[in-house]
Structures are given as C-alpha cells and as structure tokens.
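Dropping the structure in here first, questions after.
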Amino acid sequence: MKKFIWFIVFVFLINLFPVCVFAEEEKNTELIPNAVSGLLMDADTGKIIFEKDKNKKVAVASMTKMVAQIIILEKIEEGKIKWDDVITVSKNAADMGGSQIYISEGEKITIEDLMKGISMASGNDATVAMAEVISGSESKFVQLMNKKVKELGLKNTQFKNCTGLDEDGHYSSAYDMAVIARELVVNHPEILKFSSVYEDYLRENTDDKFWLVNTNKLVRFYEGADGLKTGHTDNAGYCLAATAKKKGLRLIAIVLGEANAKVRNSETMELLDYGYQNLKVNSLKRSGEVVKRIKLDKADSEIVDIVLADDLNIVENIDDSNKEYEFEVKISNIKLPVKVGDIVGEIIVYSNNRKVKDGKLTVIKNVKPLGFLQLLKNEFIDLVSGEF
C-alpha cells in the first residue's frame, strides 16, 4: 500500500514539474520577444532581474560609445582635460560617416560640445575627434577602450573602432553592455547631465547654431528615464541601453537586435516596467546616520561619531515583507587628520547569514590631531590625576 501511495505522489510531481517550468519560461518570453538578446539589471547591486541570451556576441552599433564616454569622463576627473578646452577638428574626424554633428575640418569646438554630440546625437565625428584628443589617433584610443573592457572583467566584448560602425570582430553582449552602462551611471554619474537632455544646441551663439535632439526618446516619454545610449547599424539592428530612476530604484535595460526603433523603444519600456512592478527599495539607513561612536587618542575630539557616507538601501521583491537584516560595523585603523568624506570603515548587511550589501562609513566632522602644547597639557593632567 505504501509503495502505491509513493507511486501516485511520484507521478503527480512528474506531471506538475514541467507545468511549473513552462509557466516560468512563458512569463520570461513575454518580455522583449523580438530582441536578439537583452538584460535588466539593478544598477545599485548589479543584480540581474531578467536576461535573454545575455552572453551572445553581437554587433552593438553606437552603444560602443559608452566605453568612449567612460574614458572621456575619467580624463575629466583626472584633470587631464577640461570641459571648456577648445580643440581643432581634424580632417579624419570631419570625414566620418554615419551619425554625425557635422563638424568641419579646422573647426574649433569645446570638449563639452563634443560630449553633447556623442551623448545626444551619437556623433561618429565627435567621437573620433575626442579619440584623437585623448590618444592621438582612433586606433590608440580603441586600445584604451579594449583595456577598459578587460579592467571591468568582461569576456564577450572586443572593439575594432570607437564608433560602433559595423566591422568584423567588433562585438559585445547584453551582459557586457549592462556592466558598461552600470560603470557609467554609478561611477561617472556626470554622464546623466548629457544623456538626460532631450534637445540642446551646439555653437548656440553663432551663425552656425546646430540643433541637437536626443536619439533616445525614452528621456522624454518614459518617467524617470535619464539615459543612456542608442545604436543602429545593418548588422546590429536597433539597440538601446536605457536607464531610469523611480522611487529610489535605478534600473538598466539592454535591448539588442530589434527590427525597428519603435519596437526597440516599446520593448525597452516594457522591460523597465517589469522591473518597477516587481521590485522595491527598502531604505535601511540614511546617509549621515550614526552607526558607532569611537574614542580616538590624541585627537581634538576624543569621541567621534561614525556615520554612513551614503544611503544604505536594499532592493527587494515587491512581495517581500518583514524581512530581517543584521549589521556588522568594521572600523579601519584611523590615521589623523581625517575629514568628512574620508572612508574609515564599512557596514555589512546580512540576511539569513548571507552578505547582501555593504556601505562605506565616514566621520560626522573633521578630526585633527592635538597640537604639541595640548598633548603636553593632557599628559600633565593625567600625571597629576594618576591616570597614566
């Protein structure tokens, strides 16, 4: 009798399991059905929410330029170039075909305007001009781009040019593009100053004023969208790396190989909608919140408050409730002086004994070492009081 009962249970499970798997696959295939590949990522953690052939090597057209943008922003941050620097356009840059902002040989233009041209109009001429400014030639700049890709740990990307024009051996993947987009918005957020603008002008106060309209229509028509990069060539089809932020949650959507711009935009918005319908942000602690008080010897403040450098947020499924978290605070060996913003430790968040998040810690106010006379006075007081 027992064997018969177990047999019935076994048959029931065998029949049930394929139904469950199919339901999950069916739900996933409802998203971006016309795309060759794609991915949805939480920008804060890098967690993948949805994927479709994420590692497939494909042409990605002008989404290539996101790596060029990373390098440009790094040079700005390092002080190697400045936004108001004026460069002279070469014949090579001016002669670039495809998407362009129609700069001419010998024209003088600021780096800021070139970045506008790359970010909004996907200008091939603007990208090559910047490549020449930074590396002297496009080929040397492409070497920098491929080096950056390796630094990001990406294995399915290789570039032959800086523009994304079709070329044998020039490819990336949905996952790699998402990581590149995340690098931009998380570590170089100044990109959003350019990518979020729907329309602007080049040479605005001249007779050659040129109207720029963002190729990414989501920044106008999708709530919270503020980037990031479109792409289109014959080999790549219509592609888009989109990012949006709503209710504290920033998502990155990658859609590759669509048949036309309308479907590309529509499916990208559906992908973002899926994320916002199924995820929420749980704000665990706020920046500036005191998490520990410590004593510092030979400091002008004997007791120092250690605070969060940034908000500590966790992305959860929308139906998660009463989830419990534990916190571990680790303080570094602090060397004086220390300023507000200096990282002095970390806070680690655990759920079910598994690390799910970490955050950086700083001081609530600047702390300086005591001067010689104050140290001498303190030692005298300790000597007199017997505390030595």
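The values are calculated or read from the model by the stated rules, or taken from the named source; none is laboratory data. Keep in mind the model is a prediction, meaning the values are calculated, not measured. Note that we place each Cβ from the backbone using ideal geometry, even for glycine, and neighbour counts take in every protein chain shown. Note: accessible area is taken over every heavy atom of the protein model, side chains too, but ligands, DNA and RNA are not part of it. Shrake-Rupley method; radii C 1.70, N 1.55, O 1.52, S 1.80 Å.
Provide the per-residue ³J(HN,Hα) series for segment 309-315, in order, calculated from phi with Karplus coefficients 6.51, -1.76, 1.60 and θ = phi - 60°, each as a whole number of Hz, with x at glycine and proline positions.
Coupling constants for segment 309-315: 6, 9, 4, 10, 10, 10, 8 Hz.
Return the long-range amide H neighbours of LYS292 (sequence gap of 5 or more, or a different chain), with a cut-off of under 5 Å between placed amide H atoms.
Under 5 Å from the amide H of LYS292 lie the amide H atoms of ILE306, each far enough along the sequence or on another chain.
Using 5 Å bins from zero, what percent of all Cα-Cα pairs in segment 51-196 falls into each bin?
For segment 51-196, the pair-distance distribution reads 2, 10, 20, 25, 21, 13, 6, 2, 0, 0.
Normalise the Cα radius of gyration of segment 202-261 by 2.2 N^0.38 Å (N = residues in it) and let me know the number. Intermediate values should be presented prior to the final figure.
Details: Rg = 14.6 Å, N = 60, 2.2 N^0.38 = 10.4 Å.
Here the answer is 1.40, to two decimals.
Counting alpha carbon pairs within less than 8 Å and at least 6 residues apart, what relative contact order, in whole percent, applies to the chain?
Result for the chain is 14 percent.
Net charge around VAL340, counting only other residues with Cβ within less than 15 Å of its Cβ (Lys, Arg = +1; Asp, Glu = -1)?
Net charge in that neighbourhood comes out at -1.
Roughly how much of TRP211 is accessible, in Å² to the nearest 10, using a 1.4 Å probe?
140 Å²
Please give the length that would be gained between ASP166 and GLN143 if that part of the chain were fully extended, namely 0.36 nm times their separation in residues minus their C-alpha to C-alpha distance (nm, one decimal).
Roughly 6.5 nm would be gained on extension.
Tell me, what is the FRET efficiency for ARG293 and SER351 to the nearest 0.05, using R0 = 25 angstrom and their Cβ-Cβ distance as r?
Efficiency for this residue pair is about 0.45.
I'd like the Karplus ³J(HN,Hα) series for segment 161-171: coefficients 6.51, -1.76, 1.60, θ = phi - 60°, whole numbers in Hz, and an x wherever there's a Gly or Pro.
In residue order, the calculated couplings are 8, 9, 9, x, 4, 4, 7, 4, x, 9, 7 Hz.
What Kirkwood hydrodynamic radius do you get for segment 46-117 when you take the inverse of the mean 1/r over all pairs of distinct Cα atoms, in Å?
Its Kirkwood hydrodynamic radius stands at 14.8 Å.
Further question: Mind checking the log10 I(q)/I(0) for the chain at q = 0.07, 0.12 Å⁻¹? Debye, one equal scatterer per Cα, no solvent, two decimals.
Ignoring solvent entirely, the Cα scatterers give -0.45, -0.99.
Quote the relative contact order of segment 197-324 in percent (integer), defining contacts as alpha-carbon pairs under 8 Å separated by 6+ residues.
15 percent
Now for a different question. Once amide H atoms are placed 1.01 Å from N in the peptide plane, what residues at a sequence separation of 5 or more from THR45, or on another chain, have their amide H within under 5 Å of its amide H?
Correct list: empty.
Moving on to the next point. Just order 306-316, 222-232 by mean Cβ neighbour count inside 10 Å, highest at the front, would you?
For the peptides 306-316, 222-232, the packing ranking is 222-232, 306-316.
Using alpha-carbon positions, what is the distance between the centroids of segment 30-95 and segment 182-257, in Å?
10 Å
How do the peptides 126-136, 236-246 rank, highest first, by the average count of neighbouring beta carbon atoms within 10 Å per residue? Don't skip to the end; give the middle numbers.
Numbers: 126-136: 23.5, 236-246: 25.1.
With the highest mean Cβ count within 10 Å placed first, the list reads 236-246, 126-136.
From the backbone phi of segment 87-103, what are the Karplus-calculated ³J(HN,Hα) couplings (6.51 cos²θ - 1.76 cosθ + 1.60, θ = phi - 60°) in whole Hz, Gly and Pro given as x?
Here the 3J(HN,Hα) series is 10, 9, 6, 7, 5, 4, 5, 5, 8, 5, x, x, 4, 7, 10, 6, 7 Hz.
In addition: Quick one: which residues, 5+ away or cross-chain, put their amide H under 5 Å from the amide H of LEU361? H built at 1.01 Å from N.
For LEU361, whose amide H was placed from the backbone, the distant partners under 5 Å are ALA309, VAL344, GLY345, GLU346, ILE347.
Quick check on the chain: helices-only [θ] at 222 nm, where DSSP H runs of length 4 and up contribute -39,500 (n - 2.57) each and the sum goes over total residues. Nearest 500, please.
On the way: 11 runs with 133 residues, N = 388.
My calculation for the chain gives -10500 deg cm²/dmol from helical runs alone.
Something else: Determine, at each q value in 0.09, 0.15, 0.16 (inverse angstroms), the log₁₀ of I(q)/I(0) that the Debye formula gives when each Cα of segment 169-279 is one equal point scatterer.
-0.25, -0.67, -0.75
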